[in-house]
Structure formats: structure tokens, C-alpha cells
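Data block below; observations after.
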Amino acid sequence: MGGGQQQLQQLSQELEELDAEIEEKEAEIEEFQDEKAGVDDAIEAIETLDSSSTVQVPLGGGAYVRAEVQDIDEIIVDLGGGYAAEQEQGDAIDALESKKDSLDDRISEVREEITELEEESAELEQRAQQMQQQMQQQQMQQMQQQGEDGGQ
């Protein structure tokens, strides 16, 4: 295998790695969007539920139990890092809105990372195409030289 062929193979491997990294980043964005949708659902529930409303509370594993909301004015909000705090309804909504903003920021950051990876991928593809063209031209020149040498 010639040096040019090895370089092409290396570029191809780098392109595959970039594609895999792009897919991972896109999956990360999907997770953030799912989390954001959950936050939206929580905000909507806080805004629409009343004390004594009946809700279905997830127990895990796809199981739910019906429960009555005793006090919608105090909400327990996840603060991150395994901590939660009881907050008044308005403060809880503010905390959830802040969480959504953080998710939006993270989504933007990951999209920028994807753009950079796509640009790098496009550059590598262009280099690979140029190398392929050069190799084809060299092969054609070699074939022409062999044809001329054989005709003498």
C-alpha cells in the first residue's frame, strides 16, 4: 500500500470519528430538548393545578399512583447535585425557567461544537478528494509512460 493510499485511509478514519462525534453531540441535544420539554410540562402543571387536584405520580418503572395535591403553593424543586428545595409557586416557576435558559445555553454551545466538527469534516473530505485526484493523475501518467516505453 502506497503512502498516498495510507494517508487516504487515515483521512477516512478521521472522517468516521468526526461523524461519530457529531452523532453523539446531536444525541446530547435531543436529551437536552427532552429535559426542556419536561421542564415545560412541570411549569404548565404548576400553573394549572389547584390544591385538591388529583394527579398521577410516577413511581418508576412505568407505574403511577393517583394522588391528591394537598398544597400547590409550595413546590419542591430539584436544585441539581442531588439537592432539592421547597419553594413558593412563583419562585419554583422562576427556578424552572432558569433551568430552561441553562438548557438553551447548553444546546447553543453543542450546536456550535457540531458546526465546528462539520467544518473540520468538510475540510478533510476536500483534502481526501484532492489526494484521490492526484493519485489518479499519477496513475494515468504512469500508464502513459509505460505505453510510451513499450512503444519504443
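The values are calculated or read from the model by the stated rules, or taken from the named source; none is laboratory data. The structure displayed is predicted, hence computed values, not measured ones. All Cβ positions, even for glycine, are placed from backbone atoms using ideal geometry, and neighbour counts span all protein chains on display. SASA here: full protein model, heavy atoms, side chains in, ligands and nucleic acids out. Shrake-Rupley method; radii C 1.70, N 1.55, O 1.52, S 1.80 Å.
When Asp19 is tested against the conditions (1) open to solvent by 80 Å² or more (accessible area, probe 1.4 Å); (2) closer than 26 Å to Gln129 by Cα, the lone failure is (1). When residues in the stretch 110-132 are screened for being without any contact (Cβ under 8 Å) to a residue 60 or more places away in the chain and open to solvent by 90 Å² or more (accessible area, probe 1.4 Å), 7 of them pass.
Restricting attention to the stretch 53-67, the residues that are over 24 Å from Ala95 (Cβ atoms) and open to solvent by 50 Å² or more (accessible area, probe 1.4 Å) add up to 7. Against the list (1) in contact with an Asp or Glu (Cβ under 6 Å, 6 or more places away or on another chain); (2) over 30 Å from Leu18 (Cα atoms); (3) modelled with pLDDT of 95 or more, the condition Val110 fails is (2).
For Glu47, indicate whether it is at negative phi, open to solvent by 100 Å² or more (accessible area, probe 1.4 Å) and in contact with an Asp or Glu (Cβ under 7 Å, 6 or more places away or on another chain). First the steps, then the outcome.
On the way: at negative phi: yes; open to solvent by 100 Å² or more (accessible area, probe 1.4 Å): yes; in contact with an Asp or Glu (Cβ under 7 Å, 6 or more places away or on another chain): no.
Against the criterion (at negative phi, open to solvent by 100 Å² or more (accessible area, probe 1.4 Å) and in contact with an Asp or Glu (Cβ under 7 Å, 6 or more places away or on another chain)), Glu47 does not qualify.
All but one of (1) without any contact (Cβ under 8 Å) to a residue 40 or more places away in the chain; (2) assigned to a helix (DSSP H, G or I); (3) more than 28 Å from Ala27 (Cα to Cα) hold for Asp101, so report the exception by its number. Asp101 satisfies all of (1) without any contact (Cβ under 8 Å) to a residue 40 or more places away in the chain; (2) assigned to a helix (DSSP H, G or I); (3) more than 28 Å from Ala27 (Cα to Cα) except (3). The condition of being without any contact (Cβ under 8 Å) to a residue 40 or more places away in the chain and more than 27 Å from Glu112 (Cα to Cα) holds for only one of Glu74, Glu47, Glu24, Glu31, that being Glu74.
Please specify each residue of the stretch 73-89 satisfying the condition of being of a type in the set (Gly, Ala, Ser) and open to solvent by 40 Å² or more (accessible area, probe 1.4 Å). Correct list: Gly81, Gly82, Ala84.
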